[in-house]
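Notes for the one structure printed next.
Quick note: the coordinates plus some simple rules give every number you see, no bench work behind them. It should be emphasised that the depicted structure is a prediction, and the values quoted were computed from it without experimental measurement. With ideal geometry, Cβ positions are generated from the backbone for all residues, glycine too; neighbour counts draw on all protein chains shown.
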Amino acid sequence: MTFGRSERDVPEGRRRPRLMTLLTVLMLLLGGRMFFSSVTDLHRLISGKPEVLHLDGGLDAQQEALLRGQIVLGNALSHHRPRSLAVHAVSRLGLGLIYLFAVAAIFSGDARGRRASLLAAWAGIAVSLGNAAFVLLVVRPMVPWLLPTLTEAFAQDAARAGRALPVALTVEEQAHLFLVDVPLVVTGMGMVFSLLLLLYFRGRRARLFYNQPRQADHG
């Protein structure tokens, strides 16, 4: 991605503040992760083929349960709630692209870097709220009827790894933990990150770096 130079671009050689660099790197990591995960969900929807996960027992039991739970949930969503999954994937894809656009603008010294980061912050807040609603209104009600499938999958993974078979209560606890609680925590962290972006790029230091007065936010 390239950007045209203009008289308002950041002067060559001006050093970016360390916090700006840190936030930009985090946007790069999050944007890349959101892009690939959302593309995977959309590919699953378009192809109509369930994703298959092969575990060889080399991972920790909790890691395997997390990965297996995500695959089982993703396949169930693509089959029973395709529209909800599509909206969820498209929103994450859009946010990922906005993050990557902001990163490219900042690292190229384009004057749009600050405004692109503010857009990423507001989009992140909106997507975080949407993610929370998706987990609470779509995923959580699905957990009880996913338990038989998860129980069978966890048992096969345990037998393959030579571990004791999980009891029903353990499967239920892990299902709620990995499919509801952990995504909500991650969503909360995404909200905090978006608020940090908003506070920093609306702040005095970012405005001075881009030579943009306060009223530029409303122009």
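Against the main long axis of the alpha-carbon atoms of the chain, helix 61-80 sits at an angle near 90°. The 3J(HN,Hα) values that the Karplus relation (6.51, -1.76, 1.60; θ = phi - 60°) gives for the stretch 163-178 are, in residue order, 9, 5, 5, x, 7, 4, 5, 5, 4, 5, 5, 5, 4, 5, 5, 7 Hz. Gly and Pro appear as x.
For the chain, the longest principal axis of the Cα atoms and the long axis of helix 82-107 meet at an angle of about 30 degrees.
Run lengths n ≥ 4 of DSSP H only: what is the helix-derived mean residue ellipticity at 222 nm for the chain, with -39500 (n - 2.57) per run over all residues, to the nearest 500? Value at 222 nm, helices only: -24000 deg cm²/dmol. Under the simplified labelling scheme, the Arg204-Arg33 pair shows an inter-label distance of 3.4 nm, with each label point 7 Å from Cα along Cα→Cβ.
With Kirkwood's inverse mean 1/r over C-alpha pairs for Rh, give me the Rg to Rh ratio of the chain, two decimals please. Rg/Rh: 1.08. From zero up to wherever the largest Cα-Cα distance of the stretch 114-162 sits, split into 5 Å bins and tell me the percent of pairs in each. All Cα pairs, binned at 5 Å, distribute as 5, 17, 12, 12, 11, 11, 10, 9, 7, 5, 1 percent. Applying the Kirkwood pairwise sum to the alpha-carbon positions of the stretch 26-99 produces a hydrodynamic radius of 13.2 angstrom.
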